[in-house]
Amino acid sequence: MTERPALFPGTPASALAIFAHPDDPEFVCGGLIANWTDAGARVGYVIMTDGRAGGAGLGDELITPEELVLRREDEQRRAAAHLGVAPEDIVFFREHDGELFHTLELRRRIVREIRRFKPEAAILFDPRRRVMPGYVQHPDHWTSGEAALAAIAPLAGNRLAFPELLAEGLEPHQIRDIYLASPVDPNLRIDIEPQLERKVAAMNEHTSQVADPERTAGFMRDFARMAAAGSRYEFAEAYHFIRFGERFLTLED
Ligand SMILES: [Zn+2]
């Protein structure tokens, strides 16, 4: 086999971050999103659940689930603004938090957004990641990754899948680059040092989720330092990267 030059994926023209909860994109891939929007990319979000089951930052504050849902959507829009994501490019599915299931309907909804937004790249949870040291991955996380991956391939690009979407005027669209976040086997590190403090500020907009902003900031910096270990970067995010049609990919990070 001939040696191929190492590839650095570069900045896509557009990307969709497809996640389970409001705050997932900031926490998991806020550096990559800001890196891309800084370079002129348009990035949108699909947030599958309504976040009604999370409230670490609420303390004794009394709030109904319905109020929490609206508050979390507002937090999500303000957080995304730090990363260069426009509010009109955020779609909320409002499935109940903690009750996400990989159904045909969920796939259809994701395919619809992919065909509407037509992103060149997508970021989603690695669905293979169920456990990690000292931590059990939230089932909404791997479920969101599993459904998003099925929507990306083979459904969104297949004219014969969901003919009712074609009837809505939504043409097939194949995403070229897939970034699996929180990956089982990372093969790409992205330098996020220039974006790290914006990532932290974005996360801290989720005030209903963050009990102690300083502690969260420290944790996020530590996490980025760990993700960079062994690379030439000080702060990074790690991904498993897939480019369609490139079976023998040598990545440079
Ligand atoms: Zn989450």
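Taken together, the values in this text are just the output of simple stated rules run on the coordinates, not laboratory data. All of these numbers come straight from a predicted model, not from anything done at the bench. Quick reminder, even Gly has a Cβ in these numbers, built from the backbone with ideal geometry, and neighbours come from all protein chains shown.
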Worksheet entry | Surrounding net charge for Ala15, when Lys and Arg each add one and Asp and Glu each subtract one, Cβ distance under 11 Å | 0
Worksheet item: At 222 nm, what helix-only mean residue ellipticity would the chain give, in deg cm²/dmol to the nearest 500, using -39500 (n - 2.57) for each DSSP H run of four or more?
Response: -11000 deg cm²/dmol
Worksheet item: Relative contact order for the stretch 23-89 using alpha-carbon pairs under 8 Å, separation at least 6, rounded to a whole percent?
Response: 45 percent
Worksheet item: Check Leu7: other-chain or 5+ apart residues with amide H under 5 Å from its amide H, H built from backbone geometry?
Response: Thr250, Leu251, Glu252
Worksheet item: With a Cα-only, solvent-free Debye model of the chain, what are the log10 I(q)/I(0) values at q = 0.10, 0.15, 0.16 Å⁻¹?
Response: -0.47, -1.08, -1.24
Worksheet, complete the sentence: per DSSP, antiparallel bridges as share of beta bridges in the chain, % nearest 5, sits at 35 percent
Worksheet entry | Value of relative contact order over the stretch 164-252, rounded to a whole percent, pairs C-alpha under 8 Å and six or more apart | 45 percent
Worksheet item: Separation of the stretch 142-173 and the stretch 15-61 by C-alpha centroid, Å?
Response: 22 Å
Fill in: Whole-number D in µm²/s for the stretch 152-224 (Stokes-Einstein; Kirkwood sum over Cα pairs; 10 °C, 1.306 mPa s)
100 µm²/s
Worksheet item: Would you list Ile110, Ile152, Ile63 from fewest to most Cβ contacts within 10 Å?
Response: Ile63, Ile152, Ile110
Worksheet item: Counting alpha carbon pairs within less than 8 Å and at least 6 residues apart, what relative contact order, in whole percent, applies to the stretch 14-243?
Response: 27 percent
Discussion item. In whole Hz and in residue order, list the ³J(HN,Hα) couplings for the stretch 24-41 that follow from phi through the Karplus curve 6.51 cos²θ - 1.76 cosθ + 1.60, θ = phi - 60°; x for Gly and Pro.
Written reply: 4, x, 5, 5, 8, 9, x, x, 5, 4, 5, 4, 5, 5, 4, 8, x, 6
Worksheet, complete the sentence: Whole-number value, in Å³ per residue, for the convex hull of the alpha carbons of the stretch 80-194 is 139 Å³
